[in-house]
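What follows is calculated from the coordinates using simple rules that are stated; it is not laboratory data. It should be emphasised that the depicted structure is a prediction, and the values quoted were computed from it without experimental measurement. Cβ atoms come from the backbone with ideal geometry, glycine included; neighbour counts cover every protein chain shown.
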Amino acid sequence: MADIEGTDPISGAADETATRHQLTGLIGRSAPLPIWAHLDAMKDWLARARQAATQADQRGSAAAEWLLDNDYQIQRAILQIGEGLPKAFYAKLPGLAEDGLRRPRAHQVAQSLLLASHLQVSLSSAVEFVVRYQNKMPLSIAETWAIPTMLRIVCLEMIVTGFTQLFPQVAPPLWMARP
């Protein structure tokens, strides 16, 4: 993602994301993200995933071990999402007029940051990304406050996607199409 002038991957991704969002344009209100709208379904999914992890074969053993060791982190993230993104606050988040999905721009910023950092986000890389993004496309205060919660949401989406690919017997939550 870095450009030929030697821009680091985080800054390059922030620039590319902001440019793409400038071209896409914003809409006043974003549509509810399925995972956010059905957050309680994540608790049920996690219980099913834990059960499957206890019976993992060789292919899924590392992922199963990770899930069993870190399920409390997933539970904590679910709680923090619920607390950090109440309906009234979510309603203040502008969306992107992209493919008719109307996802919150803060969600896309978080997703781009995670991908650019190869899921290794640090405070300094997050600050660098957001500052560089805002050089081209300023975020609202609500969006800036929502980014940590959106990082949790994107991580949960990735966990569900990866786990259901390794363990097809664990159906994804109803809000998510099977990968």
List the residues whose amide H sits under 5 Å from the amide H of GLU98, counting only those 5 or more places along or on another chain, with H placed 1.01 Å from N in the peptide plane. ARG103
Gaussian network model of the chain, Cα springs within a sub-10 Å range: biggest mean-square fluctuation belongs to which of TRP45, TRP36, TRP66? TRP66
Quick test of the membrane-span-like rule: which DSSP H helices of the chain reach at least 27 Å along their long axis (C-alpha atoms) with mean Kyte hydropathy at least 0.0? 141-166
Dimensions of the chain along principal axes (Cα, Å, largest first)? 49, 39, 28
Distance in nm between label sites at LEU79 and GLN51, each 7 Å beyond Cα in the beta-carbon direction? 2.4
What aspartates and glutamates could a cross-link reach from LYS136, if we take a straight Cα to Cα line under 19 Å and drop same-chain neighbours fewer than 8 places away? ASP3, GLU5, ASP8, ASP15, GLU16, GLU98, GLU128
